[in-house]
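Let me begin by presenting the structure, written as structure tokens, before commenting on it.
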Amino acid sequence: MRARICLLLLTPAAVAMAPDALADTTILTVGAAGQYPTINAAVAAADADTNPSNYYDIQVMPGTYINDFPYVTRPMTIEVDPLHAGERVTLKATKDLPNEKGIILTTASLTVNGLTFTGAKISDALGGNGAGIRDQITGTGASLMVQNSTFTGNQEGILTGDNSDEVITIVNSKFINNGNPNISYFQHGLYVNFAYSLTVTDSLFCGQLIGHDIKSRAQITMVENTQLYDGAANSALGCGAGSTSLAIDVPNGGAATISGNQIVQGSTTQNYKMVDYGEEGLMYSNNNFLVSGNSFTSTGTPNATAVYDPDCVPVLLQNNSFSGITTIVNPAACAVDQ
């Protein structure tokens, strides 16, 4: 067993989550040789601490944790034990989520590193949107950081609530073969409601059923160096074809940057458009849209449109490539080349 208190040098994201960047971090260990047998038990022990200055790092030994449903109410990190980095920690749901929300339900800032989430589901009568992580964070300075993690076989990968101050960051993570097969329930790989910012980098989205790979209502949305498959399979990556509607949806505008991505559309997509901007109405005073260094490829789809921009916010196009695309930007007059 390990139980130690150490002083950590925190990243900016961790500083945003910890009430006091200089506070001691308490490490709690989970697993057969750890202090706690389940992640939920360790999180509950941390949540019971009434001192808001303390920060907790839950370190989990590799293995599969079945129906282990942590409820996070204070800022913390949940991660694979650093001594086993690269090995798999799987949170697997084999029954409907008892909290009707997510495998991890959080109301506080959270960092997740190196976890796999699978099997999240609830009945369609309750929304059919069981998530790997359900984020209902409130208050200022809120953040969600997900690193090196995988979401597969869930109704929804990550679903967040409304917090206009929250910073959401997804790094080197995979969203594979998620979704609800019931066409009446439109779920997404990653769905961010109203937030300050969403940044997705170096990640993979594929095999999504019915909904979008990424849907973001954040004031600032950045998707960079990421692979997105929209109704197209990639067996080498473990991706089914899915039936995605869009690769990226930014329905309420704001400052959006789509840069350095590989976006592939296939014949099982439900929509000939690949990226949407502002389709549900512009909500922000600052609206700008950069599409730079992306590869757009469509096969087996008639009338493929790379970018749909119904409010005609100028789309700044830089160094993109297009294959099988009928329309680069619709309306065409909204495109600005530089």
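For the stretch 175-188, the criterion of being in contact (Cβ under 8 Å) with a residue 12 or more places away in the chain and closer than 23 Å to residue 286 by Cβ is met by no residue. If you check residue 291 against the conditions, is it part of a loop (DSSP other than H, G, I, E, B) and of a type in the set (A, V, I, L, M, F, W, C)? When the stated conditions are applied, residue 291 does not pass them. Considering only residues in the stretch 234-260 that are closer than 20 Å to residue 180 by Cα and among the β-branched types (Val, Ile, Thr), the one that is surrounded by the fewest Cβ atoms within 10 Å (Cβ to Cβ) turns out to be 248. Would a scan of the stretch 319-326 turn up a residue that is among the hydroxyl-bearing types (Ser, Thr, Tyr), in a strand (DSSP E or B) and surrounded by 15 or more Cβ atoms within 10 Å (Cβ to Cβ)? Checked the stretch 319-326: no residue is among the hydroxyl-bearing types (Ser, Thr, Tyr), in a strand (DSSP E or B) and surrounded by 15 or more Cβ atoms within 10 Å (Cβ to Cβ). Among the conditions (1) modelled with pLDDT under 95; (2) touching a strand residue (DSSP E or B) at 6+ places or on another chain (Cβ under 9 Å), the only one that residue 302 does not satisfy is (2). Looking only at the stretch 307-324, residues that are out of contact with any Cys (no Cβ under 8 Å at 6 or more places or on another chain) and among the hydrophobic types (A, V, I, L, M, F, W, C) come to 4 in all. Based on this model, can you work out whether residue 276 counts as farther than 30 Å from residue 181 by Cα and among the acidic types (Asp, Glu)? Taking the combined requirement at face value, the residue does not satisfy it. Restricting 41, 14 to those that are modelled with pLDDT of 95 or more and assigned to a helix (DSSP H, G or I) reduces the list to 41.
Conditions tested, residue by residue: (1) surrounded by fewer than 22 Cβ atoms within 10 Å (Cβ to Cβ); (2) in contact with a strand residue (DSSP E or B) (Cβ under 7 Å, 6 or more places away or on another chain); (3) within 23 Å of residue 128 (Cα to Cα); (4) without any contact (Cβ under 8 Å) to a residue 40 or more places away in the chain.
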| residue | (1), (2), (3), (4) |
| --- | --- |
| 192 | no, yes, yes, yes |
| 198 | no, yes, no, yes |
| 214 | no, yes, yes, yes |
| 217 | no, yes, yes, no |
| 225 | yes, yes, no, yes |
| 232 | no, yes, no, no |
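The values are calculated or read from the model by the stated rules, or taken from the named source; none is laboratory data. The structure presented is a predicted model; accordingly, all values stated were derived computationally and were not measured. Glycine gets a Cβ as well: all are built from the backbone with ideal geometry, and neighbour counts include every protein chain shown.
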